[in-house]
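Chemist: Would you mind keeping the following structure in view while I ask a few things?
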Ligand SMILES: Nc1ncnc2c1ncn2[C@@H]1O[C@H](COP(=O)(O)OP(=O)(O)OP(=O)(O)O)[C@@H](O)[C@H]1O
Ligand SMILES: [Mg+2]
């Protein structure tokens, strides 16, 4: 589904990603861990098409298509979803209008008719329940004045609305209380099928207890320095990053 | 711009006045005629404001007058039914409707309607005859004829306009809608006058819609005086939607008494050259004023809003928000002055002006002002000029919304913060819809006009 | 409680101006009034070359065609420009020991002001040019500076010794015809400081000019020019005081700064001219034009001012941000008390790409004074990605004073972001109570709160100055807090 080959990328002339290789197949869950500043969010940005990051070398294909040539919105419509580490506040734009526009653009891309207002509201209600998001939140402007945890829940709610093929969850667990963590993880699991895949970026084993990864990768200084099964996360939690830094 | 040109406009106007005084007076009422002589004397001294006038620093008013215009001193008999050529954009709205054509009140079917609860809507001429005591008390009581040449010019020439009177305790549940239409076969200068009186504890919503219906140059120079007495509440929404060859110079004066509430919302959706002056006086303790404004400009349009909120007594609040989007070669200006007079303690006054510049040729001038002479006050103002937020744009695109659509949504969100202040839901929705159309370029032809004039 | 506060306020604001003494020294003056002959006399007394005289005469002729600006939020009494003496210089006794010696009386004067002129007594790290009335009395540490190629001398001397630099830079930032007061200054300026930092040099000490008006009936018209060549740095300080007199005296200075590629100039002012007495009698009219140009790429100008003195202040230190990536900042605390009036602020003109600027203005008004911020941020068409942020706060102490904010934002570039915020408030009773509850007296609480309020600006001052400025704030507000 997703194939990343020798990916190099820089921000303002500083090389951040220094040769990433990764393959994600349908149905798989990959966890990416790594110290602060190692380039995890930058990788997510490259995959979703943030113009700030410049790809200098390598390739990314998604279901055989060259992702790097697509504008951000086409990648989204192709089915790549990012749960932002720092969701953006958009004053004046209501959640409902925002989601309606997004859902209908996705439908148009698949040559489907736009949803009627009532069908849309039905979908909205249904998905809200799935992620147990407070009803009032969708009546407000996008992320405006949301608490840290509410923003993260809102990201998962949007994921539920858009039903992506590949979800990238960038530290969706940070800022969540225990209950919310469970809710978010349940949401992710409920949305999981054999056809879609998930990349979970996290610092903590805790989330991986709920969303169990098939593979764990450690990103360090712009490279994936270690890949293994879910036990790697436990080992990491125990030994810390020094273990990686010391060249093991 | 030369001095001689200004002199010429001034002399021309004064001569026009002298030569037509009989016609002007005949077509108006004695209570309005009464003020003309002094006004023209004032105009003789003041003339048309120039860029040197700090208040008009960013709007070249003289150039507006450099074209030839017809002036009607009696309503032209136009043989059509307004309904045939003009459909209101807000059809679901059930309103008391008043029509003004080229500055003259159109019978609908009468020139003065008196509702059951005593509310009066009608022409200034007829109202002056019927309610002389109100005219003596309120007409020309606020307008600053001594400091603004355009206001003096209006007082000298204005013959008709709309009169709205909501008596003590009356609550007008249906909004009052005034539609100002401009339609002529030649370029036209119109100067009319409105008076709105809200007596104690009365309530009303007034919506003014301005449209141009023929492909000619129009200049409207309009003075509106609004009195909101103790405990009364008024929402005053003005929607300017004229074509690129039209100029609007508006001067709105409001005065609020104790515990009254006034909301003004000036929506400049379309127009060639717009200059709005809004003077709000908080004259009774506990008065609450809200001034909102939105200006959407493109091509070579120019919109300039001047507001002056005068906290004359203690314990009043004011809240002001003006937002603008400037596209293509458009220019815009905002000049908001807040004055807190000595002893106007416990005043709370907030003001904010935000602008989006979309192209390298668009320009904005903004000048918020605070003048404060009392210490126990909470006042703040803010102004920003910027562009569409990149982070927000990316966030939307990452959800699959195309760049153009995302920008439109963001602009719409930007404008909605003003539109959402409109209290009548159906009106709010219609205006949201019009703004949306405007942002998509669908209103750029004055779209309710079948003539496709520009 | 309120009454007690009023009393303390009165005490705090009622204190006397401590620099109000007069130095008894023989002064050489010329007759009152202004005409071409007076301009010629000034030029002659300074021993100036012909081109400088021409410069002055041209300025004078232009000035005669101009009118005093009236747009500021100030009430300026009519000034009789023919009633002012345009040149006054202390007559120094020829010294027995060395020609370099300063007259002991002058030395004593500056000692009293806390500005010792003997280098061994000075704070190391500060070089001073001391100006009394129309002339420079002494410039310290010149030799040390000269070793690095830094020129720091009086303007009169610079005109004689460095004519090429003066011809190149004088009036290059502030044109003679810029405004009424710059034309006047250009015609009659008597002295001031000149400073040139050569390429690649970081000036090792603070440079400072101390201005003192002493003679009566005179005006002070000084001229300062600072040029920072590529990759150089200098921090410059300016202080000023005047005796207490019942008459109003005019001070109309011009300061110009030119900053080349990658260079930086910090300019700090502690303005403490005599503000007049409690009833508004006397005091200095301070009409000053200060402007710097960030000519080169990555250049930087930083204005910091603490304005506590003068009866009337009219002053807008500005930056022309011409170079790409250039940066201008303006940090100001302006205090007005009693009958003082101030209309002050800054202009930031963005021309270069990525030019940035920041304005932080803190106004404090007490008594029956009026304090206005007036500022212009202008972004020209080519100034891609220009950024400005302005924060203007006003604090009102008492119900008879005024605080006003007049920002002008003019933006012609769609990639610019310009933001202005302003607030007006008074010291909250809850804040004072909180301090009282923690054991502070109301007076201390007010001092604390005001210093906190002004901290962002005070922090920008060089250390020794910051402490002085902090004290000054307290003194100038003595008696005003309630
Ligand atoms: N907009 C930016 N401008 C400059 N540098 C940036 C920018 N965004 C990221 N970087 C730099 O890129 C590097 C990688 O950042 P990134 O956000 O990808 O780290 P991360 O692995 O997600 O860290 P964290 O665990 O803290 O989220 C860091 O050194 C960061 O400072
Ligand atoms: Mg990250």
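Quick note: the coordinates plus some simple rules give every number you see, no bench work behind them. It should be emphasised that the depicted structure is a prediction, and the values quoted were computed from it without experimental measurement. Using ideal geometry, Cβ is built from the backbone for each residue, glycine included, and neighbour counts are taken over all protein chains shown.
Chemist: Would you please classify the overall shape of the protein assembly as shown from the alpha carbon gyration tensor, given that a ≥ b ≥ c denote the square roots of the eigenvalues, rounded means a/c under 1.5, and beyond that prolate means a/b larger than b/c while oblate covers the rest?
Modeler: Here the protein assembly as shown falls in the oblate category.
Chemist: Classify the stretch B:3-439 from the C-alpha gyration tensor, please: rounded if a/c falls under 1.5, else prolate or oblate depending on whether a/b exceeds b/c.
Modeler: rounded
Chemist: Between the helical axis of A:117-130 and the dominant principal axis of chain A, each derived from Cα atoms, what acute angle in degrees is found, rounded to the nearest 10?
Modeler: 50
Chemist: Nearest 5 is fine: what % of DSSP beta bridges in the stretch C:355-482 come out antiparallel, could you say?
Modeler: Of all bridge pairs located within the stretch C:355-482, approximately 0 percent are antiparallel.
Chemist: Hey, what D do you get for the stretch C:157-271 in µm²/s if you plug the Kirkwood alpha-carbon radius into Stokes-Einstein at 20 °C and 1.002 mPa s?
Modeler: After rounding, the answer is 141 µm²/s.
Chemist: Also: Distance between Cα centroids, the stretch A:1-40 to the stretch C:374-433: provide it in whole Å.
Modeler: Using only Cα atoms, the two centres lie 44 Å from each other.
Chemist: Another question, if that's okay. For q values of 0.14, 0.22, 0.28 Å⁻¹, compute log₁₀ I(q)/I(0) with the Debye formula on a Cα-only model of the stretch C:214-259, without solvent.
Modeler: -0.50, -0.84, -1.11
Chemist: Continuing with this model, one more query. With angles folded into 0 to 90 degrees, how steeply does helix A:95-109 sit against the dominant principal axis of chain A? Use alpha carbons for both and round to 10.
Modeler: 80
Chemist: Sum -39500 (n - 2.57) across every DSSP H segment of at least 4 residues in the protein assembly as shown, then divide by the residue count to get the 222 nm mean residue ellipticity, nearest 500.
Modeler: Roughly -8000 deg cm²/dmol at 222 nm, from the helical runs in the protein assembly as shown.
Chemist: Counting other C-beta atoms within 10 Å, which of C:420, A:203 has the fewest, and how do the rest follow?
Modeler: Fewest-to-most ranking of C:420, A:203: A:203, C:420.
Chemist: What is the order of C:444, C:164, fewest Cβ neighbours within 10 Å to most?
Modeler: C:164, C:444
Chemist: Let me make sure I get this right: for the stretch C:350-482, a, b and c are the square roots of the gyration tensor eigenvalues over alpha carbons, sorted descending. Under 1.5 in a/c it's rounded, otherwise prolate if a/b > b/c, else oblate. Which is it?
Modeler: prolate
Chemist: Just the Cα atoms of chain A: what Rg and Dmax do they give in Å?
Modeler: 17.9, 58
Chemist: Indicate, rounded to the nearest 5 percent, the antiparallel portion of the DSSP beta bridges found entirely in the stretch B:3-439.
Modeler: 5
Chemist: Right, here's the next one. The stretch B:350-372 to the stretch C:460-477: how many Å between their Cα centroids?
Modeler: The distance from the Cα centre of the stretch B:350-372 to that of the stretch C:460-477 comes to 35 Å.
Chemist: For chain C, restrict the atom set to alpha-carbon positions and state the Rg and Dmax in Å.
Modeler: Cα radius of gyration and Dmax of chain C are 21.9, 69 Å respectively.
Chemist: Ranking A:226, A:25 by Cβ neighbours within 10 Å, fewest first, what do you get?
Modeler: In increasing order of surrounding Cβ atoms, one gets A:25, A:226.
Chemist: Using a 10 Å cut-off on Cβ to Cβ distances, tally the other chain neighbours for every residue of B:353-360 and report the average as a whole number.
Modeler: Rounded to a whole number, the mean comes out at 3.
Chemist: Give the percent of DSSP beta bridges with both residues in the protein assembly as shown that are antiparallel, rounded to the nearest 5.
Modeler: Within the protein assembly as shown, antiparallel bridges account for around 20 percent of the total.
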